[in-house]
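In what follows, a structure is listed as structure tokens, so that the remarks can point back to it.
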Amino acid sequence: MAASLLVGLDLAGRSVLVVGAGAVGSRRVPTLLAAGAVVTVAAPHASAEIEALARSGEVVWHARGFVPADLEGVWLVHTATGVVD
């Protein structure tokens, strides 16, 4: 069984890319925002929660898959796609 690792990072004002906007992304994005991160989401489809955060301007949502240019200026990437290989 894989182990989880909790890492304490100061995300205040840092650019964070979340790739994927389903159940996992929906749980992670509010936590990242609460930590002060500037969040961008890349996913062709998003949960209602992510869509609402994008409409309110709390996150930027690119309604498409990940492209390498998404990494420009990003300090941290969190994958939430469910794809393991």
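Considering only region 45-62, state which residues are more than 19 Å from ALA12 (Cβ to Cβ), of a type outside the set (Val, Ile, Thr), open to solvent by less than 80 Å² (accessible area, probe 1.4 Å) and within 13 Å of the chain's Cα centre (by Cα). I'd like the intermediate steps shown before the answer.
Of the residues in region 45-62, the ones more than 19 Å from ALA12 (Cβ to Cβ) are 45-52, 54-56, 61-62.
Of the ones still in play, those that are also of a type outside the set (Val, Ile, Thr) are 45-49, 51-52, 54-56, 61-62.
Of the ones still in play, those that are also open to solvent by less than 80 Å² (accessible area, probe 1.4 Å) are 46-48, 51-52, 54, 56, 61-62.
Scanning region 45-62 gives ALA46, SER47, GLU51, ALA54, TRP61, HIS62.
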Region 26-42, residues that are within 9 Å of the chain's Cα centre (by Cα) and among the hydroxyl-bearing types (Ser, Thr, Tyr): SER26, THR40
Scope region 42-71; condition part of a strand (DSSP E or B) and farther than 14 Å from GLY20 by Cβ; matching residues: VAL60
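Can you work out which of the residues in region 11-40 that are assigned to a strand (DSSP E or B), among the hydrophobic types (A, V, I, L, M, F, W, C) and touching a His at 6+ places or on another chain (Cβ under 8 Å) is most open to solvent (accessible area, probe 1.4 Å)? Let's see the steps before the verdict.
Let us first name the residues in region 11-40 that are assigned to a strand (DSSP E or B), namely 15-19, 38-40.
Remaining after also requiring among the hydrophobic types (A, V, I, L, M, F, W, C): 16-19, 38-39.
Next, from what is left, pick out any that are touching a His at 6+ places or on another chain (Cβ under 8 Å): 16-19.
Values: VAL16: 0, LEU17: 2, VAL18: 0, VAL19: 19 Å².
So the residue we want is VAL19.
The values are calculated or read from the model by the stated rules, or taken from the named source; none is laboratory data. Source: prediction; values computed, not measured. Positions of Cβ are generated from backbone atoms using ideal geometry, with glycine treated the same way; all protein chains shown enter the neighbour counts. Surface accessibility is based on the protein's heavy atoms, side chains included, excluding ligands, DNA and RNA. Shrake-Rupley method; radii C 1.70, N 1.55, O 1.52, S 1.80 Å.
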